[in-house]
Amino acid sequence: MNYCLCKLKFLTPLHTGDSERAKSLDGSSMCFCADTLFSALCCIADSHRGAEGAAELCRLAERGDLLFSDTMPFHHDTLFVPRPVLLPVEKRVVSDVSDIKAFKNLKYIPVEQLPKLVSYFNGVSDFSPKDIFTDFGKSEARERVAIAGLDQPSPYTVGTFSFNEDCGLYFIMSAADESILDSVLDLVKLLGVSGVGGKVSSGLGKFTLAEDEMFFSSLDDCFCFDNQIILLWEMLENDYIQYMSITSSLPADGELDEAINGAFYTLKRRGGFVQSASFNTAAKKQTQFFLAAGSLFSQKYHGELFNVYNGGAHKVYRYSKPLFLGVK
């Protein structure tokens, strides 16, 4: 497969509801899931390439010819990935209570620390969760007032996340052909102008690509970058006994039982509203519970595009096709 790693440097604060509860306007996550990214790209494709542009993205994803990870943080040149779901092991291995709490609060670790963490739980190496960088930015609550269509002004709160200097988000996309990556990358650049997440009409969620995107389709390509990309390539491409998802996703109905057999996973609520000019009123998408990024599986699954709204002007899909990193 061909891969492209895109680093996003945010120019304005970001608002993405965490979807863990129905009322998510007053809070904001640091990262957003692949389904949010995919839906935003479909909207941009529809605006700039017409309905066929959005339909082509859906066809590519449905065939598995275009895959996305969730967004993940970076600090300077250091790329972070989700911390694996290993809580049952942690309770057995970690003796220091403060370390147990630190592990529970640790959401992301540097790519190059992932093999070391796994080795630590196998009793081979040392690892301290307190040494991992976590200061990517800060959450804020912004006061707003709604007046349109109301007799009286109605105040409300919008949660945002602002990234510190030299911090931002990145994601990995994979495609059967590099020309597909080039085409989607053009949409990513357009998305940065309009903004991603919620309240983009208020100027939130605008970004630019932090540096030249990284394309790699072979190990030789990876040597043009650094050890992180070499390690990512090996974990993306090689066969392993266990795999960690870097995409919040859900197996297709026929895959579910086999996928969760012997797996370590957490669940992530996915909800939200349809964003489409073809819908006259706000339409609520079907709520689903995905297997969160960082979940561990003994085998990969394909996932699918779920139709999450019926009766509208067109089908509304939620992206659920995962990318995996192999872990030893």
Inter-probe distance in nm under a simple model that places probes 7 Å from Cα toward Cβ, at I100 and D126:
2.3
L209 versus Q299, label points 7 Å from Cα toward the beta carbon: distance in nm?
3.8
Taking a cut-off of 15 Å between Cα atoms, list the aspartates and glutamates near K104, but don't count ones fewer than 8 places away on the same chain.
E90, D96, D131
How high is the relative contact order of segment 232-301? Use alpha-carbon pairs under 8 Å, at least six apart in sequence, and give a whole percent.
47
Protection-proxy order for peptides 217-223, 173-179, each taking the mean of Cβ atoms within 10 Å per residue, highest first
173-179, 217-223
Give, in nm to one decimal, the length gained when the segment between D177 and Y265 is fully stretched (0.36 nm per residue of separation minus the Cα-Cα distance).
28.5 nm
How high is the FRET efficiency from E165 to I241, r the C-beta distance, R0 45 Å, rounded to 0.05?
0.65
If r is the Cβ-Cβ distance from K284 to H48 and R0 is 22 Å, what FRET efficiency results, to the nearest 0.05?
0.25
Residue-span extension gain [L219 to E112] - 0.36 nm each, minus C-alpha spacing:
36.9 nm
All aspartates and glutamates inside 16 Å of K199 as judged from Cα atoms, apart from same-chain residues fewer than 8 positions distant:
D18, D26, E140, E143
Based on the alpha-carbon gyration tensor of segment 197-328 and its eigenvalue square roots a ≥ b ≥ c, which shape applies: rounded if a/c is under 1.5, prolate if not and a/b is larger than b/c, or oblate?
oblate
Burial-style ranking of 289-297, 196-204, average other-beta-carbon count within 10 Å with highest first, yields 289-297, 196-204
Structure shown: which of K107/K130; K284/K315; K130/K300; K268/K321; K130/K268; K9/K130 lie over 23 Å apart, alpha-carbon to alpha-carbon?
K130/K300; K130/K268; K9/K130
How much length would be gained if the chain were fully extended between R59 and T157, taking 0.36 nm per residue of separation minus their Cα-Cα distance, in nm to one decimal?
31.5 nm
Per residue accessible area of segment 158-297, 1.4 Å probe, in Å²
45
Mind giving me the nanometre distance, one decimal, between the label points for Q275 and E255, set 7 Å out from Cα along Cα→Cβ?
2.6
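The values are calculated or read from the model by the stated rules, or taken from the named source; none is laboratory data. In this text the structure is predicted, and so the values were computed from the model without any measurement. With ideal geometry, Cβ positions are generated from the backbone for all residues, glycine too; neighbour counts draw on all protein chains shown. Surface accessibility is based on the protein's heavy atoms, side chains included, excluding ligands, DNA and RNA. Shrake-Rupley method; radii C 1.70, N 1.55, O 1.52, S 1.80 Å.
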